[in-house]
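Student: Next up is a structure, given as structure tokens.
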Amino acid sequence: MPEATTIRLRDDTPCMEPAVTLEAFAEQTNAVAVRIEPGGDARELLAHLDRLARVDIAFPAFTDGRGYSAARILREAGFAGELRAVGDVLVDQLAYMRRCGFDAFAPDAPIDMADAEAAFARFPEVYQSAADPRTPIWALRHGDGDDR
Amino acid sequence: MYAYDRYDQAMVDARVAEFRDQCERRLAGKLTEDQFKPLRLMNGLYLQLHAYMLRVAIPYGTLNGGQMRMLATIAEKYDRGYGHFTTRQNIQYNWIKLEDAADILADLASVEMHAIQTSGNCIRNISSDHFAGAAADEVADPRPYAELLRQWSSFHPEFSYLPRKFKICVIASEQDRAAMRLHDIGIRIVGRDGELGAQFYVGGGMGRTPMIAPLIRDFVPLDQLVTYSEAALRVYNRYGRRDNKYKARIKILVHELGAEEYTRQVEEEFAHLLEQGVEPPLAELERIKGFFELPSPLRHSREGGNPAEGAVREESGPPDQVRGDGFESWARHNTHAHRNPDYVSAIVSLKPVGGIPGDATADQMRVLADLAEQYSFDELRVMHTQNVVLPHVAKDDLPALWQALSDAGMGTPNADLMGDIIACPGLDYCSLANARSIPIAQRISERFAANGKEAALGELKLKISGCINACGHHHAGHIGILGVDRKGTENYQLLLGGSEAEDTSLAKITGPGFDERGIVDAVETAADVYLREREDGERFLDTYRRIGMAPFKEALYA
């Protein structure tokens, strides 16, 4: 695992356990880290979220967007552990990943931290409610914040 | 029409800065072409045969004079002095340099425009009825709902790397003037027991596997529109095919699962998402609706009646004057009934005889901007038929408007007639095309101008695509033409019986294809069969549906 290049937006101690596959997790009920491939169903984990410290979601190709839905599904179900995007993770997708609930990134090719921070700060507001705490523009317009 | 607040402006400005940075990294070699391609596509930038093409979003086809003037400026400053209006109600520029792309987006942002998500595997620019808000037959103006969805879909974090492109259309009348059921999601705003809501049709599309979208939900309450859309998209993002780009559109998923099973999955996801608070409050929809209120002079007719109550009236057409200079013909063909009986919506034809369908020069765009300000409350629409609408024109102003349009080469009286051809850019521009479309459109237009049959033929929608991707909507043409490559030569298949209207149907191939000259003859032969066989009041499409393919085949392949 390319730990050296992992970008982590959490303060807790990282879980260093290797991730098991979804299939293996069904039998290895003591595993605390799981890896979901693009075709895997994140909802298979919903009954076990409280004992998972980390979920790795694989992006074999950055153009395959299934992992964005997997991440949101886990966060919508209340998963509070580390959600790590692994694989073909590029700076231009980081902000969307974060909005879907990812808080750690293990890119195949290292991403400069300054570039990552610039990407996170690029858009001043957001149009949608997603899996991050940002307030959507529609909420800002109607009282949750100032009025113009 | 909608106007940006500081939030909308800040988002578009941020996008310009982001894309400028991405272009610079590409030019510096820090992004590979594979990495850059999806990013540029999501900003409307395609690599075509000869240069980059930039597709600019015109949300639900609505724009004002100032915006049209900016489109003219861009055509002159960065392109070759013209632009091409498309079946997506957008405009494309065909000769763009990568180095200029960010500057163009900045110019667009200065007039509240952008190219966000006009390409790529994401939710595209949302289309609508070109007479939205003006037509006499709507239950509401569909554009506020389209704008709500535009904002929801812009920079959507979950749905920006979908299996394939995703097109949404919103209309609000029984008449379908926007090919609603040929979209990935087609929404019709309807009234039920005094409440407005939305019908959702999902899984339509043209392309190489044309499908008419089935009805998934008959009534989605207005305060659940975004949530329902999100559910429909999530099921697609998770389960749409990614193994084959030709099977990746949502229509294939809906077809393979079956509409019932797809619906079940969407409803399950919808029930879950209702708990997630993703829906903007109705107050946001009300705020947006405020921008689309009819200008006050349009709200009252001279008789003082309430135009909103007025159904389409026979006499709500243009004034009947005998002038003999072509005005009557134009007024008869190129106007549409308005909610206010003192007004009409006027169709500006971008299909002069022998011209390139949908092309307009910078000068013509400026004329349109001026005329919109003078005669149409500063509003214009782009039609999916590649024409332009001035939506709110007083009947008394029609002669002067027609004169000005004619002087600028935009007064051709051919809306919905043979000469009003939809054609994709084809092999003249497009790297996907197998055959040229534009010259075929030009030859057919010239043929029917010369033989004088256009008026006798009446409504006849001819649509030409230069490959099976069907950008020219050939599946939905009363007469469709599909260009293919046959052993290195351009060959054209003829199709009959399609419709993109409320009676949606897919056209069928007549038989073996024709060469470039033969296809023009074939279209005339099919037209002649109709003229011979038609009964009173029948359009070409009606006759075809009554008599079937056989008489046409007989004439074509005798």
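Student: Taking a probe of 1.4 angstrom, what is the accessible area of B:TYR557 in Å², to the nearest 10?
Tutor: 80 Å²
Student: Considering the zone a paramagnetic label at B:GLU275 would reach in this model (a point 7 Å from Cα along the Cα-to-Cβ line), which residues of the range B:207-229 have amide N under 18 Å from it?
Tutor: Those under the cut-off are B:227-228.
Student: List the residues, sorted by chain then number, that are 5 or more residues from A:PHE59 or on another chain and whose placed amide H is less than 5 Å from its amide H.
Tutor: Residues meeting the amide H criterion: A:VAL86, A:GLY87, A:ASP88.
Student: Another question, then. Tell me what chain B gives for mean residue ellipticity at 222 nm when only DSSP H runs of n ≥ 4 count, each as -39,500 (n - 2.57), the sum divided by the residue total, rounded to 500 deg cm²/dmol.
Tutor: Value at 222 nm, helices only: -11000 deg cm²/dmol.
Student: Within the accessible area of the range B:116-220, what % is carbon and sulfur when the probe is 1.4 Å and the other protein chains stay in place?
Tutor: That share works out to 43 percent.
Student: Something else: List the lysines whose Cα sits under 25 Å from the Cα of B:LYS461, skipping any in the same chain fewer than 8 residues away.
Tutor: In chain and number order, the partners are B:LYS167, B:LYS251, B:LYS351, B:LYS453, B:LYS508, B:LYS553.
Student: Would you be so kind as to identify which of B:PHE540, B:ASN469, B:HIS272 lies farthest towards the positive end of the dipole of the protein assembly as shown, taking Lys and Arg as +1 and Asp and Glu as -1 on Cβ and the Cα centre as origin?
Tutor: Of the candidates, B:ASN469 comes out farthest on the positive side.
Student: Rg(Cα) of the range B:6-109 divided by 2.2 N^0.38 Å? Intermediate results must be reported in sequence, preceding the final value.
Tutor: Working: Rg = 13.6 Å, N = 104, 2.2 N^0.38 = 12.8 Å.
Cα Rg divided by the expected 2.2 N^0.38 Å: 1.06.
Student: Determine which lysines satisfy two conditions relative to B:LYS77: a Cα distance under 21 Å, and not lying fewer than 8 residues away in the same chain.
Tutor: Partners within reach: B:LYS97.
Student: Just to check, using Stokes-Einstein with a Kirkwood Rh over alpha carbon pairs, what's the diffusion coefficient of the range B:422-556 at 37 °C and 0.692 mPa s in µm²/s?
Tutor: On the way: Rh = 14.7 Å.
So the translational diffusion coefficient is about 224 µm²/s.
Student: State the three equivalent ellipsoid semi-axes of the protein assembly as shown, derived from the C-alpha gyration tensor as the square roots of 5 times its eigenvalues, in descending order and whole Å.
Tutor: Three semi-axes, in Å: 45, 28, 25.
Student: What is the magnitude of the charge dipole of the range B:422-556 about its Cα centre, with +1 placed on the Cβ of each Lys and Arg, -1 on the Cβ of each Asp and Glu, and no other charges, expressed in debye to the nearest 20? Spell out each step's value before the answer.
Tutor: Details: 16 positive and 20 negative charges, 65 e Å.
The dipole of the range B:422-556 has a size of about 320 debye.
Student: Would you mind working out the magnitude of the charge dipole of chain B relative to its Cα centre, with +1 at each Lys and Arg C-beta and -1 at each Asp and Glu C-beta, to the nearest 20 Debye?
Tutor: 2000 debye
Student: Another one. Under 5 Å between amide H atoms, partner at least 5 residues away or on a different chain: which partners does B:PHE85 have, H built in plane at 1.01 Å?
Tutor: Counting only residues 5 or more places away or on other chains, the set is B:GLN92, B:ASP359, B:ALA360.
Student: Once phi is turned into θ = phi - 60°, what whole-Hz ³J(HN,Hα) does the Karplus curve with 6.51, -1.76 and 1.60 give for every residue of the range A:41-58, x standing for Gly and Pro?
Tutor: 9, 4, 5, 5, 8, 4, 6, 10, 4, 5, 9, 9, 8, 8, 10, 9, 10, 8
Student: Let's see if you can work this out: charge +1 on each Lys and Arg Cβ, -1 on each Asp and Glu Cβ, no other charges. What is the dipole magnitude of the protein assembly as shown about its Cα centre, in debye to the nearest 20?
Tutor: 1580 debye
Student: Another question, then. What is the Cα centroid distance between the range B:28-55 and the range B:265-281, reported in whole angstrom?
Tutor: Value for the Cα centre distance between the two parts: 35 Å.
Student: Same structure again: Taking only protein heavy atoms into account and a 1.4 Å probe, give the accessible area per residue of the protein assembly as shown in Å².
Tutor: That works out to 37 Å² per residue.
Student: Say the dipole of the protein assembly as shown comes from +1 at the beta carbon of Lys and Arg and -1 at that of Asp and Glu; which of B:PRO439, B:ILE422, B:LEU225 then lies farthest toward its positive end?
Tutor: With unit charges placed on the Cβ atoms, the residue in question is B:PRO439.
Student: Provide the convex hull volume over Cα atoms per residue for chain B, in Å³.
Tutor: Dividing the Cα hull volume of chain B by its residues yields 155 Å³.
Student: Apply the Karplus parameterisation 6.51 cos²θ - 1.76 cosθ + 1.60, with θ equal to phi minus 60°, to every residue of the range A:65-78 and state each ³J(HN,Hα) to the nearest whole Hz, in sequence, with x for glycine and proline.
Tutor: With the stated coefficients, the range A:65-78 comes to x, 5, x, 5, 5, 4, 4, 5, 4, 5, 5, 5, 7, x Hz.
Student: Tell me, what is the Rg over Rh of the range B:113-179, with Rh the Kirkwood radius over Cα pairs?
Tutor: That ratio is 1.02, to two decimals.
Student: Continuing with the same structure: What's the center-to-center distance, using Cα atoms, between the range B:72-138 and the range B:449-484 in Å?
Tutor: Measuring centre to centre over Cα atoms gives 25 Å.
Student: With the crude spin-label approximation of a point 7 Å out along Cα→Cβ, what separation in nm comes out for B:ASP542 versus B:ASP370?
Tutor: Taking the simple label geometry, B:ASP542 and B:ASP370 are separated by 4.2 nm.
Student: Also, quick follow-up: What is the calculated FRET efficiency for A:THR21 to A:ALA80, with r their C-beta to C-beta distance and R₀ = 22 Å, to the nearest 0.05? Don't skip to the answer; put the middle values down first.
Tutor: Values: r = 22 Å, r/R0 = 1.01.
Calculated value: 0.50.
Student: Taking C-beta distances below 4.7 angstrom as the pairing criterion, name the unpartnered cysteines of chain B, in sequence order.
Tutor: Cys with no partner Cβ under 4.7 Å: B:CYS23, B:CYS122, B:CYS169, B:CYS430, B:CYS467.
Student: Under the Karplus relation 6.51 cos²θ - 1.76 cosθ + 1.60, θ = phi - 60°, what is the ordered set of whole-Hz ³J(HN,Hα) values for the range B:219-236, x standing for Gly and Pro?
Tutor: Taking θ as phi minus 60°, the curve returns 7, 9, x, 4, 8, 9, 4, 5, 5, 5, 4, 4, 5, 4, 6, 5, 4, 5 Hz for the range B:219-236.
Student: Among A:GLY87, A:ALA24, A:GLY101, which residue has its Cα positioned farthest towards the positive end of the charge dipole of the range A:3-122, with +1 placed on the Cβ of Lys and Arg, -1 on the Cβ of Asp and Glu, and the dipole taken about the Cα centre?
Tutor: A:GLY101
Student: 5 Å is the cut-off here: which amide hydrogens, built 1.01 Å from N in the peptide plane, fall below it relative to B:GLY411, excluding neighbours closer than 5 in sequence?
Tutor: B:SER406
The values are calculated or read from the model by the stated rules, or taken from the named source; none is laboratory data. From a predicted model like this one, the values you see are computed outputs, not experimental measurements. Counting neighbours? That spans all protein chains shown, and the Cβs are built from the backbone with ideal geometry, glycine included. Side chains are part of the model used for accessible areas, which takes the heavy atoms of the whole protein and leaves out ligands, DNA and RNA. Shrake-Rupley method; radii C 1.70, N 1.55, O 1.52, S 1.80 Å.
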